[in-house]
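Presented below is the structure to which this report refers.
The values are calculated or read from the model by the stated rules, or taken from the named source; none is laboratory data. If you're wondering where the values come from, they're calculated on a predicted model, not measured in any experiment. Here the Cβ positions follow ideal geometry from the backbone for every residue, glycine too, while neighbour counts run over all protein chains shown. Protein only, heavy atoms only, side chains kept; ligands, DNA and RNA dropped before computing areas. Shrake-Rupley method; radii C 1.70, N 1.55, O 1.52, S 1.80 Å.
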Amino acid sequence: MNQPESVKGGCLCGAVRFECLLPSKWCAHCHCSMCRRAHGAGYVTWVGFESNHFLLKAGDHHLTWYISSFGARRGFCKTCGSSLLFESKKWPHETHVALGCIDDPIDRQPQANSFFDAHVGWMPIDHALKMIPG
């Protein structure tokens, strides 16, 4: 089976739609407290793309950004509240997309647990993945 050239996704209400050109750079679960709070989950699975491989197709006026820490921002739909994106000066020229907001299978499985030193004890962990501290 041939790998698709891109994947599509969007927010819960459908106002924000995007396309990501493959290949992705990486896929990992983030256990940091800011991701947990922003998504209301034990961790968030992110997929990294070159910024020019993230194409906003619809809803630019619905997408808003929250400066979550110095040099970092999180993109979400201001209509339904879906947390979609993360960008940081720490990883220039990358757009991180929440895997749960992508409609199609991506080109890789999660490879690591990042910020693992901040993980919560009540969340099941895949210990076969690489553990990366904050």
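Observations on the structure shown:
- Identity of the residue in region 3-34, free of Cβ contacts under 8 Å to residues at least 60 places away in the same chain and outside any strand (DSSP E or B), that ends up farthest from GLY121 (Cα to Cα): GLU5
- Under the condition of being in contact with a Phe, Trp or Tyr (Cβ under 9 Å, 6 or more places away or on another chain), in a loop (DSSP other than H, G, I, E, B) and open to solvent by less than 60 Å² (accessible area, probe 1.4 Å), the residues counted in region 90-109 number 0.
- Hey, PRO124 out of contact with any strand residue (DSSP E or B) (no Cβ under 7 Å at 6 or more places or on another chain) and on the phi < 0 side of the Ramachandran plot or not: yes
- Flag for THR64 being polar (S, T, N, Q) and in contact (Cβ under 8 Å) with a residue 60 or more places away in the chain: no
- PHE76 vs. criteria open to solvent by 20 Å² or more (accessible area, probe 1.4 Å) and either touching a Gly at 6+ places or on another chain (Cβ under 9 Å) or over 18 Å from ILE125 (Cα atoms) (or both): yes
- The listed residues are LEU55, LEU85, and the only one of them that is closer than 22 Å to GLN111 by Cβ and of a type in the set (A, V, I, L, M, F, W, C) turns out to be LEU85.
- Taken over region 53-73, the criterion of being under 14 Å from PHE18 (Cβ atoms), surrounded by fewer than 13 Cβ atoms within 10 Å (Cβ to Cβ) and in contact with a strand residue (DSSP E or B) (Cβ under 6 Å, 6 or more places away or on another chain) is satisfied by LYS57 alone.
- Of all residues in region 15-34, those being touching a Cys at 6+ places or on another chain (Cβ under 9 Å) and open to solvent by 40 Å² or more (accessible area, probe 1.4 Å) number 1.
- Residue ID - surrounded by the most Cβ atoms within 10 Å (Cβ to Cβ), chosen from residues in region 79-89 that are more than 14 Å from VAL47 (Cα to Cα) and of a type outside the set (Gly, Ala, Ser): THR79
- If you go through region 35-52 and keep only what is open to solvent by less than 50 Å² (accessible area, probe 1.4 Å) and either in a strand (DSSP E or B) or over 22 Å from CYS80 (Cβ atoms) (or both), you end up with VAL44, THR45, TRP46, VAL47, GLY48, PHE49, SER51.
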